Every structure is written in structure tokens, then in C-alpha cells.
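Below is one structure, written out as C-alpha cells; comments come after it.
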Amino acid sequence: MSKPMEFYFSFMQFVLFLAQGYYLQYFFGSFLECRVKGRCGGLIAAVSYTLLRTLLYVIWPAEYESRAVIGKQAVSLCILAVLALFLYQARHAVTCFLAVAFQAVIGVSVYLAVILMDWPSGLLLSLWNWCLKTGTFTKLETFRLLSEISVAGMHFLQIMIAVLLIRGSLRRIVRDYREKDIDMPRTQLLFILIPALSALLLCTLLRVTFVIVEENSQEFLYHRYPVLMAVLPAILLLSLASVLYGVKSIQDILKLNREKNSRIVLEKQVEGLKEHIGEIERLHSGIQSMKHDMRNTLAVVQQLASVSEGQGTKELKRYLSEIDQTMDQMEPAFRTGNAVVDALLNMKYHEIIRSIPEIELNAEGLLFPEALHIRSYDIGMILGNALDNAMEACVKLKKRDASAKTYIRLAALVRGQLLLLKIENSFDGSVRRKPQAEFPVSDKEGKEIHGIGMMNIKSAAEKYQGTVDWKVKGRTFILAVMLRNDMIMKGEEQDEGSIEHN
């Protein structure tokens with residue numbers, strides 16, 4: 001091989017390592033928090049990987065002896081582990097899967113590219129050889145030049161195909177691995193780790209058996225056994241598919257478990273809501289009873305009025321004041337135009353003042369229009385989860401700073417066929433959010449249950465083609481939920497689909 005070709009192959013190998021470094025920082029950064037903030041962290045990871053792999057390529061040339069192959073594979077995994085531990089806040093279980101999956105995807109992609117481009121490359125070289133034999137061109141230098149150009153072009157296509165396969169596979173894993181904020185149990189982690197490990201071992205096996213060396217000549221295994229030209233790509237594709245679909249399958253299982261836990265939480269919320277609605281009905285019955293007793297009350301007032309003027313007037317005023325206070329207590333604290341929301345707000349208010357008596361719960365701006373096609377159940381679920389999160393944030397703030405002002409403010413805004421719900425609350429100003437995560441991370445125990453509030457809100461909003469957005473202003477957390485008000489849920493009765501008004 002000429003010196004220019006040697007330089008070209010070395011340069012293209014460096015390009016491949018550079019592309020791998022870029023996708024490494026993307027892949028690891030999607031799951032792990034980088035120790036260096038900003039873009040510099042990803043750049044450091046990409047450059048470090050590229051330099052380390054290039055150094056390994058220089059000091060340890062390609063060999064096909066089994067010990068050398070296994071040793072080089074082990075060193076490559078060690079490089080990934082070291083980068084994860086030093087540059088990212090790595091979690092042991094997930095980091096193990098990331099390193100093995102990344103190395104497996106690279107190996108499978110490279111071998112697929114080599115096998116797929118070998119036949120066109122051989123066909124092109126055969127064409128130049130035929131042209132030389134038939135006299136199409138007579139100079140040997142022309143044959144060598146065309147052969148080198150063809151080999152260089154095919155090698156370039158191999159690198160591009162490998163990079164595209166790496167890119168697509170890693171992006172697919174990142175996209176399908178939706179529950180990045182939830183720690184995966186060991187058995188479920190093994191479910192996705194085993195296919196990745198199998199693919200990695202398959203690549204190691206191919207590396208050992210791929211090239212047959214006899215009498216100082218090299219020959220690919222599938223040249224001796226042509227059937228492998230079809231079998232090997234199929235095996236490699238199936239191994240890659242097992243990694244990708246293993247991740248998707250386990251994430252679907254986690255989603256079902258989350259929805260199951262969500263249903264448990266919602267059932268508890270509904271039970272609490274039913275109890276509070278029962279309390280409102282009891283108060284309503286009490287008001288009806290008071291009407292019954294009004295005549296007796298008037299008789300007492302008349303009797304007191306007939307007593308001596310000074311003492312009787314004082315007793316009369318005290319008695320009427322007690323009646324007024326009793327009537328105020330029976331009056332609901334919140335009136336939004338929706339009975340379910342009123343009951344929910346009253347229940348949550350009495351719940352939070354036990355922990356923070358001085359908290360401000362302002363719902364004056366939470367007024368619903370008369371024509372509303374959104375189910376009361378969904379409105380209650382959105383506000384119930386939002387209030388739970390807001391209350392937890394206020395309690396956490398109060399524990400850290402007893403003198404801090406705590407508040408929860410709710411408002412509703414109608415714009416055409418859109419309903420916007422806005423919930424603001426005070427908090428300690430710290431937000432934990434992992435890369436690629438849509439919502440902040442819960443720091444409570446039992447994240448598999450307590451971390452689903454925002455996802456419940458999103459699920460309810462999506463029923464009405466809505467969206468959920470959040471932002472932070474200083475020590476104020478703002479949650480906005482937008483819903484379409486012109487949608488009537490299919491399969492639901494009209495009386496269940498609209499909000500009940502007082």
C-alpha cells in the first residue's frame with residue numbers, strides 16, 4: 001500500500017473516532033449530568049474520547065489474534081468507564097448499560113458497513129482488472145490509480161454508513177429510553193443489558209474469525225463461505241434490533257407501571273374529593289336545618305329585645321355576632337364556578353394550613369366560563385396534582401427558611417377556544433433537572449410514585465390537545481397548562497363532559 005493511502009486510511013480512522021466522540025457526549029449527556037457545566041463539558045468528553053481511541057489505535061495496531069482482540073475490547077470499555085466516572089456524575093447501573101450499549105452499537109455498525117460495501121468494492125476492482133486485461137487502458141499506473149481511488153471512495157462510504165448507523169441507533173435509544181429520571185430495578189436493567197452484551201460479544205467473535213490469514217495473505221471469512229454474505233448482516237441487524245427494541249420494550253413496561261401507580265394515586269385523590277364533597281353536602285343540610293330553626297331563633301331575638309334595654313341589647317348583639325360567625329363558617333372559602341374545584345380547593349387549603357397556617361392560597365383569578373367542555377374530573381386531576389406539588393414546595397421552603405413567605409396563586413384565562421390554567425407557588429429556588437428530561441426531578445422518597453404528578457398533568461392536557469409548560473422566576477415556580485375548550489370527549493356523556501356550575 002502506498003504512503004498516501006496509508007495516510008488516508010489513518011485519517012479516515014481518526015474521522016471515525018471523532019464522530020464516535022461526538023455521539024458519545026450526546027449519548028452519555030442524555031442520561032448523565034456532566035460535571036463541567038455548559039457546552040465545554042460535552043466538548044471535553046468528545047475530545048478526550050477521540051484522543052484516547054486514536055492513541056490506542058497508534059500504539060496497538062489492528063490484530064486478529066483472540067487475546068489481542070479481547071484485550072483491545074476491554075481497554076475500549078475501560079476508556080468509556082473512565083470518561084463516565086470522571087466527566088459525568090455516573091450512576092453504576094445505568095453507566096454499565098451505556099458503556100456496553102455504546103461499544104456494541106459501534107462494533108455492529110462498523111461490521112455492517114464493511115460487509116455491505118465489500119461486494120461493490122470487489123465488483124469495481126474486478127471491473128478495472130477486466131479493463132486492464134482487455135486493453136481498455138494499457139498503463140499499469142492507470143490501473144493502480146483507479147484501484148486506489150475506488151478503494152478510497154468505498155472506504156469513505158463505509159465510514160459514512162457506519163456513522164449514520166451509529167447516529168440512528170444511539171438517537172433511537174435516547175428517544176425510547178423515556179424514563180431517564182426513574183431508577184431502573186436490577187432485573188429490568190439486565191433485560192436491556194444482556195442484548196447489548198450479546199451484541200458486543202458477537203462483535204468480538206467476528207473480530208477473531210472475520211479475517212483468515214494463510215501464508216501471509218488475508219481473506220475475509222465470507223469470501224470462503226459466500227452464504228455468510230447474507231447471514232452475517234442478518235445476524236448483526238438482529239443483534240442491533242434486540243438492543244433497540246429491548247430498550248423500547250422495558251420502557252413500555254415502566255410506563256405501564258407508572259400509569260398503574262398513577263391510577264392508585266388518582267383513586268386516593270378521588271376518594272378524598274368524595275369525602276370533601278360529602279362534607280359540603282353536610283354543610284348544605286345544616287343550612288337547610290337552620291332555616292327550619294329560624295323561627296325559634298327569631299323568638300329568642302324578640303325575647304332578648306324585650307329585656308331591659310341596656311343588658312338586653314348587649315346580649316342581643318353578642319348572640320347575633322355568634323350567628324353571623326356560624327354563617328361565615330358554613331360559607332365555602334372558594335367560588336370558582338365549579339363545584340368539584342371548589343371542593344378540591346377547600347380540601348387542599350385545610351390540608352396545607354395544618355403545616356403552614358400563614359400560607360396565602362389565592363384563587364380569585366380562577367374563574368371558569370359557563371360554556372366549558374372539559375370534564376370536571378380532568379380539571380380536578382390537573383389542579384390536584386399541581387396543588388400537591390406546590391404544597392410540597394412550600395413545605396420544603398418553610399423547613400429551610402422559617403421566615404420565608406409562602407404562597408400559592410391560581411388563575412384561569414380564556415382566549416377563544418383555549419383555556420389556560422396558571423399555578424404559581426413559592427419554593428426554595430433550586431430545580432433539579434436531568435438532561436433531556438421534560439420536567440424537574442422529584443427529590444422525594446419513592447420517586448416511582450411521587451414523581452408522576454407532572455406526567456399526570458401532561459396526560460390530562462393531551463386529552464384536549466393541550467400542552468404543559470413551566471418556568472422559574474427567582475423563587476417562584478410557574479406552571480401553565482393550556483387546553484382546548486372546543487373538544488368534547490368521545491364516548492363520554494355530555495353531562496359528564498361539562499363542568500357543573502353553582
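Structure values in brief
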item: Geometric extent, Cα atoms of region 1-104 - Rg, Dmax (angstrom); result: 14.8, 47
item: Accessible area expressed per residue, region 45-137, with surrounding protein chains retained (probe 1.4 Å, Å²); result: 48 Å²
item: Equivalent ellipsoid dimensions for region 57-151 as semi-axes, Å, which come from the Cα gyration tensor, largest first; result: 43, 14, 11
item: Of LYS260/LYS399; LYS405/LYS463; LYS180/LYS422; LYS37/LYS463, those spanning more than 30 Å from alpha-carbon to alpha-carbon; result: LYS260/LYS399; LYS405/LYS463; LYS37/LYS463
item: HIS223 accessible area, 1.4 Å probe, all protein chains in place, Å² to nearest 10; result: 90 Å²
item: Cα gyration tensor category, rounded, prolate or oblate, for region 100-191 with a/c compared to 1.5; result: prolate
item: Under-5 Å amide H pairs with LEU361, H placed in peptide plane, nonlocal only; result: ILE408
item: Accessible area of region 109-232 belonging to carbon and sulfur atoms, whole % at 1.4 Å probe; result: 66 percent
item: Candidates per GluC sites (Glu not before Pro) in region 356-411, loop by DSSP, up to 10 other Cβ within 10 Å; result: GLU358, GLU370
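The values are calculated or read from the model by the stated rules, or taken from the named source; none is laboratory data. What you see is a predicted model; the values in this text were computed from it and never measured. Counting neighbours? That spans all protein chains shown, and the Cβs are built from the backbone with ideal geometry, glycine included. The area values use the complete protein model at the heavy-atom level, side chains included, leaving out ligands, DNA and RNA. Shrake-Rupley method; radii C 1.70, N 1.55, O 1.52, S 1.80 Å.
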